[in-house]
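Every number here is computed from the coordinates shown, using simple stated rules; none is lab data. Since we're looking at a predicted model, the values are computed, not measured. For neighbour counting, all protein chains shown are included, and Cβ atoms are generated from backbone atoms with ideal geometry for every residue, glycine included.
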Amino acid sequence: MQTTSQRTITRRLLDLATPAIGINLLNVSALLIDTLMVSRLANADTLMASLGMATMVIFLLMVIMMGLTIGTVATVARAHGAKDQTRVNHVLLQSTMLTVLVGVSVGLVGNLFAPQILLLLGARPEALSAGLAFLRPMLAGTVFYYLGILYTGVMRGVGNTRVPFLVSLLVTSLNVGINYLLIYGELGFPALGIQGAALGTVLSQLIGALILGTILRRGMIQGLVLHLRIQRIDRALARQLVRIGTPAALDMLVLNASFFTIMSMLNRIGEVTVSAHVIGMRIQSLAFVPGLAIAQATAAMVGHALGAGSVDQARQVLRGSILLCTVIMTALALILIFLARPIVSLFNVLPETPLSDYAVMWIRLLGYGMPLAGWQTAVTGLLQGSGATGVSLRINVYATLFQIPASFALGFPLGLGAFGVWLAFPLSFVLRVWLVQRAYKSNTWAKVGLHA
């Protein structure tokens, strides 16, 4: 009976994760397509470095929203598991209002300090100008991006990933088409280059947020209705979302800070290594998508189980998650390791050049760390779904405190250069897996009921 039950839960997890994989692939594909299009412009090396730095700024400023979304999904999933639909819809409205406040604030503050942030990353004058041309429109449309993230997460929290997948498919298609017109100036549109990539992305995100909001307003998803009206902030709920979301936001901040530090180290070696890093990060984003989607589905199902009062079912969800994550990410790791050069050639990079060699090196190192990353990602999904985001934060801090000094030591005092800077990344996953297993066995996450 136990075996049948485990198989059923694993199948449900895969059913929920499959559209989520599609959503994340589409989201990452938008950045990948931007990179591919920009790589065909004149002065591509500088533009790609600018795009990479600007994208990292966007990710840095997104940490508050990611925390809010993780807190919202965990709260919605528990309420859904407890069959409390009134609370589900209350959380939906409250989180919508908070998201608008956060999105507008981030857009304003981000635009105000964008030049200083890019300079901190080591942007040269040409890279600074191009980076701002991409970054400023993206920041202006932050609220649309954030609402899309929130509504997709809430739908996932009640077990529906198919609707947001279809919306993401439409949005990505629009993004590609508009970007093509605005980057290259086709069909009479102005050729705006890297700025056109930003404008196309913002317009498509606006359309996506409007579609998702309309679906929720009309109650087209069972158990979810967005009664859009202004009301006072529920302070008790806001405190709960902050308590769950703040460690998740800080977790993202630590992750992005480590990315910034790595980028700064690579800038000391040469701009070509930064461009190679950007290519590798695009590939990493794609390769890690299945694991991330399974972790997101794990978080939702763990929330359902704990909301319904079943710790045993939450453990079964994790077992299925570990199996799926490790198998899929190991298969993808083999592709990265053995097909790195053909993958790099997709970015219009000439073979046997320094850029090609560095990008291949980075992609292969990513591949070596992926099997362990799959295991760690699965347990992280359980921790986030249970609301134990503080535990996940501590794990990331400890791993980062190992990775950054190791990158510096391997890259500079030991003289390994970019290879050494990158090598610490797969090595850090050995520590991460050990830490998440300790956290799981401690049972601090195993709290049932509406509140984490």
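Descriptive notes on the structure:
- Axis of helix 63-81 versus longest Cα principal axis of the chain: the two differ by about 30°, to the nearest ten degrees.
- Between 0 and 90 degrees, the angle of helix 311-338 with respect to the longest Cα principal axis of the chain falls at about 20 degrees.
- The stretch 306-364: C-alpha gyration tensor shape, a/c 1.5 cut-off, then a/b vs b/c: prolate
- Between the stretch 252-331 and the stretch 210-241, the alpha-carbon center distance in angstrom: 28 Å
- Peptides 260-269, 221-230, ordered by how many other C-beta atoms sit within 10 Å of their residues on average, highest first, read 260-269, 221-230.
- Taking every alpha-carbon pair under 8 Å whose residues sit at least 6 apart, the stretch 2-442 reaches a relative contact order of 23 percent.
- Mean Cβ neighbour count within 10 Å, used as a protection proxy, ranking 315-324, 374-383 highest first: 374-383, 315-324
- Total charge dipole magnitude, the chain, about the Cα centre, Cβ charges on Lys, Arg, Asp, Glu only, Debye to nearest 20: 1540 debye
- Cα gyration tensor shape for the stretch 97-148, rounded if a/c is under 1.5, else prolate or oblate: prolate
- Inter-centroid distance (Cα atoms) of the stretch 149-194 relative to the stretch 393-420, Å: 36 Å
- Helical mean residue ellipticity (222 nm; -39500 (n - 2.57) per DSSP H run of 4+; nearest 500) of the chain: -29500 deg cm²/dmol
- Prolate/oblate/rounded call for the chain, Cα gyration tensor, a/c under 1.5 rounded: oblate
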